[in-house]
Every structure is written in structure tokens, then in C-alpha cells.
Amino acid sequence: MFHSKVFVTLKKSILDPQGKAVEQGIHSLGFESVGNVRIGKYIEMDIDTDVHGEAERMTKQISEKLLANLVMESFSCTTEPVKE
Amino acid sequence: MAKLKIGIVVFPGSNCDHDAHYVAETIMEQDARLIWHKEASIGDADIVILPGGFSYGDYLRCGAIARFSPVMRDVVRFAGSGGLVIGICNGFQVLTEAGLLPGVLLRNKSLLFICKYLHLRVENAATKFTSECSPGDVLEIPIAHGEGNYFTDPETLKRIEDNQQVVFRYCDRRGNLTDEANPNGSLKSIAGIMNETGNVLGMMPHPERASDPVLKHTDGRKIFESIIQSFVYQ
């Protein structure tokens, strides 16, 4: 069994109005030195296989085909064995 | 002429499916049928409508999960063989996710869900969806969305502009493109585009909400009338 974590973020070139709004909130909170706030998504999942490489390949495929839309987003992922 | 068979795909969370059905059946007097997304085939539909709504609760991204619904495989096949497909609002989002139309629909620049009547300029009237319009015509049709901010990379933008795939742009009542008239921050005020072969249209505004005279706005009918005409001259 493996556990994968996927982070999906908007590409740098894409304006992130949600991140901008949160940044304003952070400034209102008094943290004026904070900038470049970007919102992303975090997805985790278990994969039932004994082969590490296969779990990694599946995670990548799922991320490319469904979790991220590569027109506007990029992703990074990790896959680690689950300790029984 | 025999009535056209208009198939309207119903995803879990679609909520403009019955409006589209009503307009197709009652206003345009064609044969309309709702197609549940689990069906493997669109049957003998002449036209497929992907309606507005919040398919799969807009989870992950708008349209991202709907595009894997069983019926979508047949919709992609149908589109590939030249069949007419129109995606309205959430349907437009599904079409971009399915790769049938280029680009994506991002969160509105204002972050607000916007529901109001606005004006659209017909950029290309030589399409199967706009033949009843003239170039530059201004249509009054409502929008209702939170993610309608059209975006694509510069190369794709150039390609769709050069091919005249931009069918509608947001404009003011006189047809001028202004920042104020662009409700969601869409690139080049784009409100609707079609594919390269001209048989798949995606648009954020809701023509089915501007078709019944009872609602005082009927500009949306021009789109449905154009589609019907395209079969007359086939």
C-alpha cells in the first residue's frame, strides 16, 4: 500500500484573485510584509499496490488527467509506502 | 421538415437542463430528450446540449469530473464526427475540460458569482449557431456564473482569433468592448467560442433563459433558430 500526496497550484502566469483576496486579509491582520499569496489544492490518496514505481506512475497519471488542468495549473506529488 | 432530436445531457448537479428542454420542446417546437449522464450513448440525437449547473458540485474544478461521465465518451465521438454540440455555462466548462474546446474558465476576476442580463456582440455570424444574426449584432442574454473568466495561452488565443472561432464577446449596449462591459475578466472579452471545425460551441451566457417571450427577452432564440436553420440547408 502506498500513500500519495498531490499539490495543485495555479501557474505563475495565471492571476489568482482568490490569493489576492487572502493576501489583503493577511495585510489587514497586520502582516504587511507578506506577499505573493497563492491558493492551491492538496489531495491525498491510498493506492493498493506493492510496486512503488506503479503507484508513482498512477499518481502522476491521475494528476495530469484529472486533478490538475495543465492549461492553468501545475502539480507536484510524492508517493511513500504506508507503514502497516 | 421533421422535428430535430435535441439531446440534453443531465449530470448530477445540472440545473438548467429542464430550461433547455422546455425551450427546445415548447418554444422551438422540436423533439427534446433528457440524457442521463450514465447512459453510454446519446442515441439518435441530432444536437447535444450540455446545460448549465454545478455538475458534481463543481468539485475539484468546474466540469472536471463531469467530463469523465460515461455519456461524454459518446459526446466526444459525436463531436468528432461533425455533430452539433452546444455547451452553456457549466456545459462550456465541461467542453474545455473534455478538450473539445481550447482554454479554461477561471474564477471571475471579482471573485463574485454574477447573475445578470448583459450584452453580447456577435463576432462571427457565419456559424451554424449564429446564422440568424448579422456580424456586430448585440444580443441581450443573461449570465449566471462564478467561473467564466476565459483564459488561454497567447498562441491558442492567436489561433482562435485568426480562425474566427470567437463567436461572442461581452460588450456594452452599443456593441463597444469595454472593461466595464466585461463581467468576469475574460481574455479579450470572450463570452463564447467554437471549435476549429465549427460544430462545437461553448458560451457562458444562457440563451435558454432568454427565449420565452414571457420573460421579455428573446435574443437567445436566435441561437436555437440558427441551429435549426443549419439543418434546413443541409
Would you check which residues across the stretch B:169-192 are aliphatic (A, V, I, L, M) and within 21 Å of B:Asp17 (Cα to Cα) and list them? B:Ala191
Could you tell me whether the stretch B:19-29 includes any residue that is modelled with pLDDT of 95 or more and farther than 22 Å from B:Gln229 by Cα? no
Considering only strands (runs of 3 or more DSSP E) wholly within the stretch B:118-234, the ones with at least 1 residues that are surrounded by 17 or more Cβ atoms within 10 Å (Cβ to Cβ) and among the polar types (S, T, N, Q) are B:149-151
Please list, ordered by first then second residue, the pairs with beta carbon atoms under 7 Å, 6 or more apart or interchain, first in the stretch B:59-77 and touching a residue at least 24 places away in the same chain (Cβ under 8 Å), second in a helix (DSSP H, G or I) and hydrophobic (A, V, I, L, M, F, W, C). B:Gly63/B:Val94; B:Ala64/A:Leu66; B:Ala66/B:Val94; B:Arg67/B:Val94
Scan of the stretch A:1-44 for residues that are hydroxyl-bearing (Ser, Thr, Tyr) and either within 27 Å of A:Thr79 (Cβ to Cβ) or surrounded by 14 or more Cβ atoms within 10 Å (Cβ to Cβ) (or both), ordered by number: A:Ser4, A:Thr9, A:Tyr42
Look through the stretch A:68-84, keep the residues that are without any contact (Cβ under 8 Å) to a residue 40 or more places away in the chain and within 14 Å of chain B (Cβ to nearest Cβ), and return whichever of them is nearest to B:Ala64 (Cα to Cα). A:Asn69
Show me the strands (runs of 3 or more DSSP E) found entirely inside the stretch B:1-64 where at least 2 residues are closer than 20 Å to B:Lys222 by Cβ. B:5-10, B:47-50
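The values are calculated or read from the model by the stated rules, or taken from the named source; none is laboratory data. Just so you know, these numbers come straight off a predicted model, no measurement behind them. Cβ coordinates were reconstructed from backbone atoms using ideal geometry, including for glycine residues, and neighbour counts include every protein chain displayed.
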